[in-house]
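In what follows, a structure is listed as structure tokens, so that the remarks can point back to it.
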Amino acid sequence: MRPFVFILIIFSNLMMAQKQEKILFVGNSFTFYWNLPNQLEKMALEQNLSWDVSQTTAGGATLRDHWQGNKELKTKEILSQGTYDRVIFQDQSTYPIKYSDTTQQYFSKLKELLPPQTQVYLYATWIYPNFPVEGAQTENSKEIQSNLSAIANQYSKVEIVPVGSAFDLFSLTHPEINLLTDDAKHPSHNGTYLAACVFFAALSGQSSKGLDRRYEGKDANGKKIYYSIVEKSVASKCQVIADKIVFQKRQ
């Protein structure tokens, strides 16, 4: 093989290895609690995956809010101007049950802003105590995932990330470990770590087993901050549940 051809192959391989995937979360507090996007980026880095994970979020935001620019959201501009490899949409937690038509309407509008090659995901969240939907299946999150799946099935390149199913199985298997904060609604540090493991497995196709239990970074002043810390035993349990939910779903 000629030297310049060999060098060209090495350069090409290096360029492919360094290609960074851009990932965007569109959602609300169920996305930004305990730095879910940052944790996912750190997990990817740990496994030598180059992911640039961003978010456009606001507390209580619906997909309609994202479309209309409420709560000072700039989601339409972000989607129109940016080129993302993957985009994850998360509607307000009750909408997939109470107003599934509205979820579909604004998901469709936002999705149309993306190029056809973008891989799109719907973030299926969880049922929580006192879930404010009359007649909801409060014992599990199946109705949320089922309704979102019905939406996803109408499009190509749309997948469900079954975080709610992972919460259900984890709570059934390890009821002593709380996945929610004191408001019995938002994810605790354990809940967000479980969600991050589910997202990592779903987006990478790799097992989450063996991932670190703590992730750190630096603030604007260069000082160390921790995105998340969970106990070793909890991290291991989260990884087992995440893999079971993600890879069992794909079989």
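Might you let me know whether segment 177-190 holds any residue that is open to solvent by less than 40 Å² (accessible area, probe 1.4 Å) and part of a helix (DSSP H, G or I)?
Yes.
Among the residues of segment 191-243, write down those that are among the polar types (S, T, N, Q) and not in a loop (DSSP other than H, G, I, E, B).
Within segment 191-243, THR192, SER204, SER228, SER233, SER236, GLN239 meet the criteria.
If you check HIS186 against the conditions, is it more than 13 Å from VAL240 (Cα to Cα) and of a type outside the set (Gly, Ala, Ser)?
yes
Residues of segment 16-42 being open to solvent by 40 Å² or more (accessible area, probe 1.4 Å) and either within 22 Å of LEU114 (Cβ to Cβ) or not aliphatic (A, V, I, L, M) (or both), which ones?
Residues satisfying the conditions are GLN18, LYS19, GLN20, GLU21, LYS22, PHE32, TYR33, TRP34, ASN35, ASN38, GLU41, LYS42.
For the condition modelled with pLDDT of 95 or more, out of contact with any Phe, Trp or Tyr (no Cβ under 6 Å at 6 or more places or on another chain), open to solvent by 40 Å² or more (accessible area, probe 1.4 Å) and of a type in the set (A, V, I, L, M, F, W, C), what is the one hit in LEU79, LEU45, LEU73?
LEU45
Considering segment 207-251 alone, what residues qualify as being over 12 Å from MET43 (Cβ atoms) and aliphatic (A, V, I, L, M)?
Scanning segment 207-251 gives ALA220, ILE225, ILE229, VAL230, VAL234, VAL240, ILE241, ILE245, VAL246.
Which residues, counting only those in segment 218-227, are open to solvent by less than 70 Å² (accessible area, probe 1.4 Å) and in contact with an Asp or Glu (Cβ under 9 Å, 6 or more places away or on another chain)?
ILE225, TYR227
The values are calculated or read from the model by the stated rules, or taken from the named source; none is laboratory data. Fair warning: this is a prediction, and the values are worked out from it, not measured in the lab. A quick note on method: Cβ atoms are made from the backbone with ideal geometry, for glycine too, and the neighbour counts reach across all protein chains shown. We work out accessible area using only protein heavy atoms, side chains counted, and drop any ligands, DNA or RNA first. Shrake-Rupley method; radii C 1.70, N 1.55, O 1.52, S 1.80 Å.
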